[in-house]
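The values are calculated or read from the model by the stated rules, or taken from the named source; none is laboratory data. Remember, predicted model here, so these are calculated numbers, not experimental data. Surface accessibility is based on the protein's heavy atoms, side chains included, excluding ligands, DNA and RNA. Shrake-Rupley method; radii C 1.70, N 1.55, O 1.52, S 1.80 Å.
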Amino acid sequence: MTALARPTHGRMIGGVCASLAQRFGTSATTMRVIFVASCLLPGPQFLLYIALWVFLPSEDKARRTW
């Protein structure tokens, strides 16, 4: 598995779903559909997305630190 970092290419809003898709070996579209479907359930999914957007480094910044 790869480290979590928001990609610079292929992201729509914040790159969180694209990052999770890379991490778990699935397509970004599948991850986005899962996220939208999970938002129909009660819980803090939207807040978790925002937190990941804030705390996950961008791919280019993550490369510079390694």
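Counting heavy atoms of the protein chains alone, T26 has an accessible area of about 60 Å² for a 1.4 Å probe.
Where in the chain are the helices, taken as whole DSSP H runs, whose Cα atoms extend 30 angstrom or more along the long axis and whose Kyte-Doolittle mean reaches at least 0.0? Numbers along the way, then the final one.
On the way: long enough: none.
None pass (Cα extent of 30 Å or more, hydropathy at least 0.0).
Per-residue ellipticity at 222 nm, computed for the chain from helices alone with -39500 (n - 2.57) per DSSP H run of at least four residues, works out to -16500 deg cm²/dmol.
Summarising the amide proton neighbourhood of R6: residues at separation of 5 or more, or on other chains, whose placed amide H is nearer than 5 Å comprise S58, E59. The stretch between S27 and L48, if pulled fully straight at 0.36 nm per residue, gains 5.6 nm over its current Cα-Cα span. For the set L40, L48, solvent exposure ranked by accessible area (probe 1.4 Å, protein chains only) runs largest to smallest as L40, L48.
Note down the Stokes-Einstein diffusion coefficient of the chain in µm²/s, whole number, using a Kirkwood radius over alpha carbon pairs, 4 °C, and 1.567 mPa s. Intermediate values should be presented prior to the final figure.
On the way: Rh = 12.2 Å.
In µm²/s, the coefficient rounds to 106.
Accessible area per residue was computed with a 1.4 Å probe on protein heavy atoms; R23 scores about 70 Å².
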